[in-house]
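Scroll down for the structure; my scribbles are underneath it.
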Amino acid sequence: MDDKDIHEAKLQVQGQLAAQYIQEVMQKITDKCFERCVTRPGAKLDDSEKLCTAKCMDRYLDSMTLVSQAWAARAKAQAAAGGGSSGLM
Amino acid sequence: MDAEPSDAQARELQTFMETENQKAIIQQAISKLTETCFDKCVTKPGNKLDSSEANCIANCAGRYLDSSVFIVNRMMAKRQQQ
């Protein structure tokens, strides 16, 4: 195997993991926002349900950004304090 | 093209997979924590995350991590007492 093959294999693994992660996040958002916004499913997804779902999704993604930032800040503080990652999960 | 990776390449791939695996575990934990804090803090999603919601999310994530550390430490202390 030459190094180019190794590089390609790594990219492929990273691509698959990223696709899997996005799918999981979308699944979670669908579950959450469907439950919250489509309380009585009608003949079609009406405008208010769509608006609610859009807001729910956007605020969920905002929340994820904040949680990631809090996590990163904590990991950084812990690394600076000389501790390992213990307790972070 | 040789199909078999060399020893050095095998080690490199092993390290790569361990790192990716660790990243996936962290992503999972962040995803789970997002869901927990979203449920606690964003009861009625609006046009933007307002400051009290944003505060609540940051506190929720921080206190969850504190709780996790607290429980790990307490469990270790308990085991030492035995």
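Given the C-alpha atoms of chain B, compute the convex hull and give its volume per residue in Å³.
About 181 Å³ per residue, rounded to a whole number.
Quick check: Cα centre of the range A:2-52 to Cα centre of the range B:1-30, how many Å?
Here the answer is 24 Å between Cα centres.
Go through the range B:37-42 residue by residue and turn each phi into a ³J(HN,Hα) via Karplus (6.51, -1.76, 1.60, θ = phi - 60°); whole Hz please, and just put x for glycine and proline.
Calculated HN-Hα couplings, in order: 6, 4, 4, 6, 9, 10 Hz.
Looking at the square roots a ≥ b ≥ c of the eigenvalues of the Cα gyration tensor of the protein assembly as shown, which shape do they give, rounded for a/c under 1.5, prolate if a/b is larger than b/c, or oblate?
Judged from the Cα gyration tensor, the protein assembly as shown comes out oblate (a/c at least 1.5, b/c at or above a/b).
Could you check the simple spin-label distance between A:M1 and B:Q82, using points 7 Å along Cα→Cβ, in nm with one decimal?
4.2
To the nearest 0.05, what FRET efficiency results for B:E4 and A:Q20 with a Förster distance of 41 Å applied to their C-beta separation?
0.90
Taking the dipole about the Cα centre of chain A, with the C-beta of Lys and Arg at +1 and of Asp and Glu at -1, give me whichever of A:L11, A:T30, A:M1 is farthest to the positive side.
Checking the options against the dipole of chain A, the answer is A:T30.
Can you check what the net charge comes to around B:L65, using other residues whose Cβ is under 13 Å from the Cβ of B:L65 (Lys, Arg +1; Asp, Glu -1)?
+3
Can you pull the percent of the protein assembly as shown's accessible area that's carbon plus sulfur, 1.4 Å probe, other chains left in place?
Answer for the protein assembly as shown: carbon and sulfur cover 56 percent of the accessible area.
In whole Å, what are the extents of chain A along the principal axes defined by its C-alpha atoms, from largest to smallest?
Rounded to whole Å, the extents work out to 56, 41, 16 Å.
Can you give the calculated 222 nm mean residue ellipticity of chain B, where each DSSP H run of n ≥ 4 adds -39,500 (n - 2.57) and the sum is split over every residue, rounded to the nearest 500 deg cm²/dmol?
Computed mean residue ellipticity for chain B: -29500 deg cm²/dmol.
If you roll a 1.4 Å probe over the heavy atoms of the protein chains, what accessible area per residue do you get for the protein assembly as shown, in Å²?
69
How large is ³J(HN,Hα) for each residue in the range B:62-69, as worked out from phi by the Karplus curve 6.51 cos²θ - 1.76 cosθ + 1.60 (θ = phi - 60°), to whole Hz, x for Gly and Pro?
Per-residue couplings from phi come out as x, 6, 4, 5, 4, 4, 4, 4 Hz.
Any of A:K10/A:K32; A:K50/B:K23; A:K44/B:K23; A:K28/B:K48 with alpha carbons more than 29 Å apart? Name them for me.
Result: A:K10/A:K32; A:K50/B:K23; A:K44/B:K23 exceed 29 Å.
The values are calculated or read from the model by the stated rules, or taken from the named source; none is laboratory data. Please read these numbers as outputs of a predicted model, since none were measured by experiment. Note that each Cβ is placed from the backbone with ideal geometry, even for glycine, and that neighbours are counted across all protein chains shown. For the accessible areas, the whole protein counts, side chains as well, though only heavy atoms, and no ligand, DNA or RNA atoms are used. Shrake-Rupley method; radii C 1.70, N 1.55, O 1.52, S 1.80 Å.
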